[in-house]
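Visitor: Before we start, here is the structure in question, set down as structure tokens.
Laboratory data are not the source of any read-out in this text; all were calculated from the coordinates shown. Worth saying up front: this structure is predicted, and the values here are computed from it rather than measured. Reconstructed Cβ throughout: ideal geometry from the backbone, glycine too, with neighbour counts over all protein chains shown.
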Amino acid sequence: MQRESFEKLRWRCIRRGLLEVDISLTRFLDEQFEKLTDDEQQAFAEFADMEDHDAWHLISGQAECDDPRISSIVAMLRKS
């Protein structure tokens, strides 16, 4: 991912409505993002576009996702 795109993604992860989502996404971005494949990075970017409550329900296990790419990212987020 190009640096400019990465910085835009970082901004989307930091400027959340729910602190829990902000912390989860930012920590994952800092610690794991560069290790992801291009497809996984794209899936993470799509996940970062979700509404906060939907994202939190997935991260916290209150909901499941039908998209296997997003589910994979959620599983990684839960472990981090």
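Visitor: Where in the stretch 1-63 are there helices (runs of 4 or more DSSP H), lying fully within it, with 2 or more residues that are out of contact with any helix residue (DSSP H, G or I) (no Cβ under 9 Å at 6 or more places or on another chain) and on the phi < 0 side of the Ramachandran plot?
Guide: Details: elements: 3-14, 19-31, 38-48, 52-59.
Answer list for the stretch 1-63: 3-14, 19-31, 52-59.
Visitor: Something else now. Exactly one of (1) surrounded by 18 or more Cβ atoms within 10 Å (Cβ to Cβ); (2) in contact with a Phe, Trp or Tyr (Cβ under 6 Å, 6 or more places away or on another chain) is unmet by L29. Its number?
Guide: (2)
Visitor: L77: touching a Leu at 6+ places or on another chain (Cβ under 8 Å) and either at positive phi or surrounded by 13 or more Cβ atoms within 10 Å (Cβ to Cβ) (or both), yes or no? Break it down stepwise before answering.
Guide: Details: touching a Leu at 6+ places or on another chain (Cβ under 8 Å): yes; either at positive phi or surrounded by 13 or more Cβ atoms within 10 Å (Cβ to Cβ) (or both): yes.
The answer is yes for L77.
Visitor: I'd like the full set of residues that are without any contact (Cβ under 8 Å) to a residue 24 or more places away in the chain and touching a Lys or Arg at 6+ places or on another chain (Cβ under 8 Å), limited to the stretch 53-78.
Guide: Matches in the stretch 53-78: G61 only.
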